[in-house]
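The next block holds one structure in the form of structure tokens; read it before the comments.
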Amino acid sequence: MPLQRVLEPEVMDTESEARDYDSMDHSAVNQCFVSDLLDRCASPTNVLDLGTGTAQVPVVLCQRQTDCRVLATDLATHMLELARYNVELASLTNRIQLGHVDAKQLPYDDASFPLVMSNSIVHHIPDPSVVLGEAIRVTEPAGFLFFRDLLRPTDNDTLINLVETYAGREGGHAQQMFEDSLRAALSLNEIRELVSSCGFPTSTVQPTSDRHWTWATNRDARSPQ
């Protein structure tokens, strides 16, 4: 029987969760995210990042794209405390602004950003359509949306293998967080159905690794609602 989605807490907001998440080795995944983003959107300058966590992705993006500025948002205060440290350590406080923001209720005007990105927010949200709807709303008509998240495995054996492969060298708490996130992730069909309900072709969502899907699309690819 295929694995069913098991929700995890929407906000990872304890000091230990933030610390363990930040200490995990996300470097390869973050570099891949930024490389794939830049392949699709060559010169991003004004970016909204939803669910930034400890701001590792914005730091990599701004290091590689020297004229880029990012508004990096999250609802977890402990994550943002570590994000502030990471941004300061990278000497990027003038280009990465942090915001304590709920992605389900963005305090920004319609069509405010030419690029909205997110790495791994969707699996935290019980009803991801609300976050996608808000992201679409604040993206400029000719802007770009780039979301990546975990892909729920089809069975428990595959899930355990993924945890061993990608978190086997981490501590027990970090391994459990990764397993919980995989269980909370959407299947490929679920995320495709979701973007279709938002008016975008299902082809804009593709599996991009053994554990990730990516939704990449121009805002103007949306069908009239």
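Points to keep in mind about this one:
- Meets criteria (touching an Asp or Glu at 6+ places or on another chain (Cβ under 6 Å) and surrounded by 15 or more Cβ atoms within 10 Å (Cβ to Cβ)) for Val60: no
- Matching residues in region 7-29 - criterion: being within 17 Å of His212 (Cα to Cα) and either part of a loop (DSSP other than H, G, I, E, B) or touching an Asp or Glu at 6+ places or on another chain (Cβ under 7 Å) (or both): Asp25, His26
- Residue count for region 46-84, restricted to those that are polar (S, T, N, Q), in a strand (DSSP E or B) and either farther than 17 Å from Lys104 by Cα or touching a residue at least 60 places away in the same chain (Cβ under 8 Å) (or both): 1
- Residues in region 84-112 that are surrounded by 17 or more Cβ atoms within 10 Å (Cβ to Cβ), among the small types (Gly, Ala, Ser) and over 23 Å from Leu132 (Cα atoms): Ala90 only.
- Failed item, numbered, when Val130 is tested on (1) surrounded by 20 or more Cβ atoms within 10 Å (Cβ to Cβ); (2) out of contact with any strand residue (DSSP E or B) (no Cβ under 8 Å at 6 or more places or on another chain): (1)
- Conditions (1) free of Cβ contacts under 8 Å to residues at least 40 places away in the same chain; (2) under 19 Å from the mean Cα position of the chain (by Cα); number of the one not met by Phe144: (1)
- Across region 97-133, the number of residues qualifying as touching a residue at least 40 places away in the same chain (Cβ under 8 Å) and of a type in the set (Asp, Glu) comes to 0.
- Within region 22-45, considering residues that are charged (D, E, K, R) and within 23 Å of Glu81 (Cβ to Cβ), the one surrounded by the fewest Cβ atoms within 10 Å (Cβ to Cβ): Asp25
- Residues that are acidic (Asp, Glu), modelled with pLDDT of 85 or more, over 15 Å from the mean Cα position of the chain (by Cα) and over 14 Å from Asp180 (Cβ atoms), drawn from region 10-28: Glu15, Asp25
- First in region 17-29 and within 21 Å of Leu75 (Cβ to Cβ), second anywhere and part of a helix (DSSP H, G or I), Cβ under 6 Å, 6 or more apart: Ala18/His78; Ala18/Met79; Ala18/Leu82; Asp20/His173; Asp20/Ala174; Asp22/Leu82; Met24/Ala174; His26/Gln56
- Qualifying residues in region 84-110 (those that are in contact with a helix residue (DSSP H, G or I) (Cβ under 6 Å, 6 or more places away or on another chain) and among the β-branched types (Val, Ile, Thr)) - the one nearest to Ala72 (Cα to Cα): Ile96
- Among (1) in contact with a strand residue (DSSP E or B) (Cβ under 8 Å, 6 or more places away or on another chain); (2) surrounded by 15 or more Cβ atoms within 10 Å (Cβ to Cβ); (3) aliphatic (A, V, I, L, M) - the single one Ala174 does not satisfy: (1)
- Any chance Val87 is in a helix (DSSP H, G or I) and touching a residue at least 12 places away in the same chain (Cβ under 8 Å): yes
The values are calculated or read from the model by the stated rules, or taken from the named source; none is laboratory data. What you are looking at is a predicted structure, and each value in this text was computed from that prediction instead of being measured. Cβ sites come from the backbone with ideal geometry, for glycine too, and all protein chains shown count toward neighbours.
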